[in-house]
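Peer 1: First, the structure itself, so that you have it in front of you.
The values are calculated or read from the model by the stated rules, or taken from the named source; none is laboratory data. In this text the structure is predicted, and so the values were computed from the model without any measurement. Cβ atoms come from the backbone with ideal geometry, glycine included; neighbour counts cover every protein chain shown. Ligands, DNA and RNA are excluded from the accessible area calculation, which covers all protein heavy atoms including side chains. Shrake-Rupley method; radii C 1.70, N 1.55, O 1.52, S 1.80 Å.
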Amino acid sequence: MTTAPAPRPRRAALLRAAVAPAALAVSLVLVPLPSAVAAGAAAAPPAPTEAGPLRIHDIQGTTRVSPQAGKPVTGVPGIVTGVRAYGSSKGFWLQDPNPDADPATSEGIFVFTGANPTVKVGDSVLVSGKVTEYYPNYSGGSQSVTELTGPAVTVLSAGNPLPAPVVVDTRNIPGSYAPPAGPDGSIDAGRLDPEKYTLDFYESLEGMLVQVKDVRVIQATDKYNELWVAADRQDQRSKRGGVLYESYREPNVGRLMVQQQAAVTQQPFPVANVGDELTGTTTGPLDYNAFGGYTLVAGTLGTLKDNHLQREVTPQASERELTVATYNVENLAATNPDAKFAQLAQGVVTNLRSPDIVALEEIQDNNGAKSDGTVDASQTVAKFLAAIKAAGGPAYDWRSVDPQDGKDGGEPGGNIRQVFLFNPQRVSFTDIPGGSATTAVGVTGTGAATALTASPGRIAPTDDAWTNSRKPLVGQFVFRGQKVFVIANHFNSKGGDQGIDSRFQAPTRSSEVQRVQQATVEQAFVAGLLAADKQARIVSLGDFNDYQFSPALAALTKGGVLRDLVNELPETEQYSYVYQGNSQVLDHVLVSPELGHAKYDVVHINAEFAQQASDHDPQVVRLRP
């Protein structure tokens, strides 16, 4: 599985970390806190009997970090607007019904109890506790959540009306996403300007009741019972209802994650696909988490309106067209349930129309994530081929090169690799001995005699560019008498990158360095093939883990050796993956100049749906070599 950034850990395993005020200016000391213990809870204050001198807006202040961080506060008044009684962040949201006149200061705050809260929505309370800045992922660049921890709570009355929610929509979401950073690269110390910058706008509402109305779903419900909506209708819409991520400079401003306060055992969460709608109002406090940034934690959810999104089927190829596809099958192992194999096979046979060649990414070894030295994947592939046949597909043959144990990254023990499937009734594979996990494939001959030194083979597998990452698999095929070279790719993931909502702006994309190195190595290999035969027919495809506008894809296409076909699609169709509400490109098909006839299609069958066989959409190109 590849994401942007890398896949998240299970939430039950997360530890909370509080940051002392001094640590913000000097060095950071992270204090891991089990879900049942709050920061500072060891010395809980006495229950307050009267309102203290500070209000919530005094605690929140006009910047991201509270001017009271690390200090005890007493008798903070407010109305309970939401309660979270599950997960590792149990507590409640408190909001002052009497706001000040400064739009930069939030009137809401989260009170972290660590155990099931005893208060109820509508309670008027006084809270004493310690002001804490909680960073869901400090090292990853997350912003902080200002909280009251180790609380003592006095309930004054019940059933009080809640403050009116702030309606979040196109009228008040600023068009500029992030404010300028300070000398340290962080936006923490800057005064919030909620009328100018999106991140400041959301931060000024941290902990407050917000509301969205009649919003479109832009990322399907996931296994954590979350979805994403478009609060701003001006973000660039995809053809099927998402929002497109088109550049680093202009992130989509209206994306909001939606969770709910109630546990799903008490209240089912809507199962939505991209393009569905939450009609009516969705209301709750605005939170922040490491997996989605600003998040509306709904006390009331709108009604789901099904837009009846359909899985696509690619157009039928002609007899003379060679069809080549790529599909990231998300950690497929022989140990996976038959249902996963059947669903993936249906995608190959029905939605991709049984391509002549299929480059698969994330094929695991036979025992999956078990780490015992196994690298052979023949059982995994055989099970997949049988599923394809059962779905009405052809009797595919296959080729691959087993990796060294633990050397190619991915899920520990899984030994993911790329695999070629091919239909021997349509194409032939040219077997050339010599390929191995550590042997670099080369080019021999010139002109029509140009060939690989090994097929299948791996491109520069011992080069540092491929450290802890998948090495490109290259194979030599023949279709209707024409030689075709196919490169199956799975570049390194975005793990370690700072998110677009990071407190550091512009966020650092540290993983990009290695992908540029990988692209440079592969570009040199392709250039070598074209130097031997300028008419060489080359297809490079797979999960490149990067965008069509990225430095990595620029390095791969340098000198015109390859062209990225995603750029030839209509703009609204340029995506293969959905992450944090952004429909984006991670998978690509690139071709050499000789392959001028290239009909390319991203076949949307997974990324926009709550029910997925994989988190990636497959792609296919129809060629006339």
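Peer 1: Does any residue of region 245-256 turn out to be open to solvent by 30 Å² or more (accessible area, probe 1.4 Å), without any contact (Cβ under 8 Å) to a residue 40 or more places away in the chain and assigned to a loop (DSSP other than H, G, I, E, B)?
Peer 2: yes
Peer 1: Do the conditions hold for Asn468, that is, is it under 22 Å from Val589 (Cα atoms) and modelled with pLDDT of 95 or more?
Peer 2: Taking the combined requirement at face value, the residue does not satisfy it.
Peer 1: For region 263-303, give me each residue that is aliphatic (A, V, I, L, M) and crowded, with 19+ Cβ neighbours inside 10 Å.
Peer 2: Ala272, Val274, Leu278, Leu286, Ala290, Leu296, Val297, Ala298, Leu301, listed by residue number.
Peer 1: Something else now. Looking at Ala334, Ala345 in this structure, which one is modelled with pLDDT of 95 or more, part of a loop (DSSP other than H, G, I, E, B) and among the small types (Gly, Ala, Ser)?
Peer 2: Ala334
Peer 1: List pairs: first residue in region 221-242 and touching a residue at least 40 places away in the same chain (Cβ under 8 Å) and outside any loop (DSSP other than H, G, I, E, B), second residue basic (Lys, Arg) and open to solvent by 10 Å² or more (accessible area, probe 1.4 Å) anywhere in the structure, Cβ distance under 6 angstrom, at least six positions apart or on different chains.
Peer 2: Taking only residues 6 or more apart or on different chains, the pairs are Trp228/Arg255; Ala230/Arg216.
Peer 1: Continuing with the same structure: Being open to solvent by 30 Å² or more (accessible area, probe 1.4 Å) and in contact with a Pro (Cβ under 8 Å, 6 or more places away or on another chain) is the filter here, so list the residues in region 443-482 that pass it.
Peer 2: Arg480, Gln482
Peer 1: Go through (1) farther than 26 Å from Ser428 by Cα; (2) in contact with a Leu (Cβ under 6 Å, 6 or more places away or on another chain) for Glu330 and report which single condition fails.
Peer 2: Here Glu330 clears every test but (2).
Peer 1: Moving on to the next point. Tell me, yes or no, whether region 389-396 has at least one residue that is surrounded by 17 or more Cβ atoms within 10 Å (Cβ to Cβ), not β-branched (Val, Ile, Thr) and not in a loop (DSSP other than H, G, I, E, B).
Peer 2: no
This table checks each residue for (1) farther than 27 Å from Glu195 by Cα; (2) open to solvent by less than 20 Å² (accessible area, probe 1.4 Å); (3) part of a strand (DSSP E or B).
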{"residue": "Asp100", "(1), (2), (3)": "no, no, no"}
{"residue": "Gly114", "(1), (2), (3)": "yes, yes, no"}
{"residue": "Thr118", "(1), (2), (3)": "yes, no, no"}
{"residue": "Val121", "(1), (2), (3)": "yes, no, no"}
{"residue": "Pro151", "(1), (2), (3)": "yes, no, yes"}
{"residue": "Leu156", "(1), (2), (3)": "yes, no, yes"}
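Peer 1: Okay, moving on. So Gly190 clears everything in (1) in contact with a strand residue (DSSP E or B) (Cβ under 7 Å, 6 or more places away or on another chain); (2) in a loop (DSSP other than H, G, I, E, B) except one condition, right? Which one?
Peer 2: So the condition that Gly190 fails would be (1).
Per-residue answers, yes or no, for (1) closer than 20 Å to Val121 by Cβ; (2) out of contact with any helix residue (DSSP H, G or I) (no Cβ under 9 Å at 6 or more places or on another chain); (3) assigned to a loop (DSSP other than H, G, I, E, B); (4) open to solvent by 20 Å² or more (accessible area, probe 1.4 Å):
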residue	(1), (2), (3), (4)
Ser139	no, yes, yes, yes
Pro174	no, no, yes, no
Ala178	no, no, yes, yes
Pro183	no, yes, yes, yes
Asp200	no, yes, no, no
Ile218	no, yes, no, no
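Peer 1: Residues being open to solvent by 10 Å² or more (accessible area, probe 1.4 Å), touching a Ser or Thr at 6+ places or on another chain (Cβ under 8 Å) and assigned to a loop (DSSP other than H, G, I, E, B): count how many of those fall in region 123-137.
Peer 2: 2
Peer 1: What do you reckon, is Glu107 among the acidic types (Asp, Glu), within 30 Å of the chain's Cα centre (by Cα) and open to solvent by less than 40 Å² (accessible area, probe 1.4 Å)?
Peer 2: no
Peer 1: Within region 460-475, does at least one residue satisfy the condition of being of a type in the set (Asp, Glu) and touching a helix residue (DSSP H, G or I) at 6+ places or on another chain (Cβ under 6 Å)?
Peer 2: The answer is yes; a qualifying residue exists.
Peer 1: Just to verify a result, which residue in region 506-531, among those that are of a type in the set (Ser, Thr, Tyr) and in a loop (DSSP other than H, G, I, E, B), is farthest from Gly481 (Cα to Cα)?
Peer 2: Thr508
Peer 1: Related question: Of everything in region 510-522, what is farther than 16 Å from Asn468 by Cβ and either open to solvent by less than 30 Å² (accessible area, probe 1.4 Å) or touching a residue at least 60 places away in the same chain (Cβ under 8 Å) (or both)? Give them in sequence order.
Peer 2: Listed by number, the residues that qualify are Ala519, Glu522.
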